[in-house]
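Worksheet for the structure shown next.
The values are calculated or read from the model by the stated rules, or taken from the named source; none is laboratory data. For clarity, every value in this text was computed on a predicted model and none was experimentally measured. Reconstructed Cβ throughout: ideal geometry from the backbone, glycine too, with neighbour counts over all protein chains shown.
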Amino acid sequence: MKRADESASEAAEVRRFWQRLGLPGLVDIHTHFMPERVLRKVWSYFDSLGATNDDLIWPITYRTEEAERLATIRDFGVRAFTSMLYPHKAGMAEWLNGWAAGFAHRTPDSLHTSTLFPEAGVESYVREAIEAGTRVFKAHVQVGAYDPADEVLDSVWGLLAEAEVPIVIHCGSGPVPGKHTGPEPVGRVLARHPRLRLVIAHMGMPEYEDFLGLAERYQELRLDTTMVFTDFAERLEPFPRRALPRLAGLGDRILLGTDFPNIPYPYIHQLEALERLELGDQWLRDVCHDNAARLFGL
Ligand SMILES: [Zn+2]
């Protein structure tokens with residue numbers, strides 16, 4: 001946890017970052033806001049990771065009350081952010097979506113976020129969520145332990161493709177692999193729904209190059225930067241230097257994401273990690289603001 005004077009100086013650093021680029025602020029498409037007791041469970045999961053594996057010691061930097069977390073992200077000058085939440089079992093998604101609709105209502109600078117799970121009724125609650133103004137979905141293949149190409153989801157992906165609603169999907173095999181993680185299952189979904197607006201969370205860590213390949217093949221596929229290129233991620237799953245030109249080539253489809261507040265380092269570090277790739281100021285402007293502003297019509 002951070003002291004008040006540290007918080008003020010970090011906010012000033014974050015603002016200097018986007019002001020130097022001439023941006024009106026940041027758009028962060030991968031932040032977590034969820035019901036308090038669910039968030040506590042997520043935090044205790046990260047606490048337990050560190051207990052069994054020294055490489056995964058994961059102190060949550062912004063372990064504060066929701067109001068304080070919102071004040072922090074606004075102090076950073078984040079113009080729009082999401083409330084990524086996700087079920088680990090059937091029967092939870094609809095309840096989470098109800099909470100998220102309330103959060104979006106009381107947090108007008110957030111992008112209304114919903115989630116889904118392969119279960120009976122999923123098509124109808126996804127349809128309702130779209131009609132209620134959901135701007136983005138979150139799907140978590142590793143935590144949910146489901147195959148994204150499960151036939152129960154086929155009509156749901158069709159619906160989302162038609163509505164052009166982006167879905168941030170955690171489908172890479174980091175920090176730990178799941179039964180259905182990796183590029184292959186998502187590749188099957190894209191083969192059936194090539195216009196689906198998937199945003200690959202964490203750039204598909206650690207299968208970065210496979211997911212870059214999918215983005216080169218499917219024009220509506222995007223990738224978020226969440227945790228990638230940071231010292232923490234580079235130590236565990238380094239991004240291959242040889243793939244940097246491909247990252248430059250996809251500069252219009254890479255979106256800033258951070259995992260705020262569940263990160264084991266200060267927010268500014270993610271921004272510095274992008275800057276030190278030396279892909280240029282225009283790339284940073286696109287990634288940190290303009291691509292998401294265009295995608296969400298901000
Ligand atoms: Zn996340």
Within the set of pairs 6 or more residues apart or between chains, which connect a residue that is surrounded by 10 or more Cβ atoms within 10 Å (Cβ to Cβ) inside the stretch 44-56 to a residue that is in a helix (DSSP H, G or I) and of a type in the set (D, E, K, R) with Cβ atoms less than 8 Å apart? ASP55/ARG235
Selected residue (only one of LEU196, LEU236, LEU250 is surrounded by fewer than 22 Cβ atoms within 10 Å (Cβ to Cβ), hydrophobic (A, V, I, L, M, F, W, C) and away from the ligand (no atom under 16 Å from the Cβ)): LEU250
Can you find a residue that is more than 28 Å from VAL287 (Cα to Cα) and surrounded by 23 or more Cβ atoms within 10 Å (Cβ to Cβ) anywhere in the stretch 94-108? no
Could you grab me the full set of residues in the stretch 74-95 that are under 17 Å from the mean Cα position of the chain (by Cα) and part of a helix (DSSP H, G or I)? none
Which pairs turn up if I take residues in the stretch 149-171 that are among the small types (Gly, Ala, Ser) and more than 16 Å from the ligand (Cβ to nearest atom) and look for partners that are outside any helix (DSSP H, G or I) and at pLDDT 95 or above with beta carbon separation below 6 Å, at least 6 apart in sequence or on another chain? ALA161/HIS193; ALA161/ARG195; ALA161/LEU196
Close pairs (9 angstrom Cβ cut-off, 6 or more residues apart or separate chains): at pLDDT 95 or above and among the acidic types (Asp, Glu) in the stretch 193-217, crowded, with 22+ Cβ neighbours inside 10 Å and part of a helix (DSSP H, G or I) anywhere: ASP210/GLY204
Where LYS41 falls short, out of the listed (1) surrounded by fewer than 15 Cβ atoms within 10 Å (Cβ to Cβ); (2) away from the ligand (no atom under 16 Å from the Cβ): (2)
Residue count, the stretch 97-156 (criterion: within 26 Å of ARG74 (Cα to Cα), out of contact with any helix residue (DSSP H, G or I) (no Cβ under 7 Å at 6 or more places or on another chain), among the small types (Gly, Ala, Ser) and not in a loop (DSSP other than H, G, I, E, B)): 6
Looking at the stretch 180-298, what helices (runs of 4 or more DSSP H) fall wholly within it and have at least 2 residues that are among the charged types (D, E, K, R)? 183-192, 208-217, 231-236, 267-275, 281-285
Only one residue in ARG188, ARG192 is out of contact with any Phe, Trp or Tyr (no Cβ under 8 Å at 6 or more places or on another chain) and of a type in the set (Lys, Arg). Which one? ARG188
Within the stretch 45-87, restricting attention to residues that are touching a Gly at 6+ places or on another chain (Cβ under 6 Å) and over 22 Å from ARG135 (Cβ atoms), which residue is nearest to the ligand (Cβ to nearest atom)? TRP58
Within the stretch 8-31, tally of residues that are assigned to a helix (DSSP H, G or I) and surrounded by fewer than 17 Cβ atoms within 10 Å (Cβ to Cβ): 8
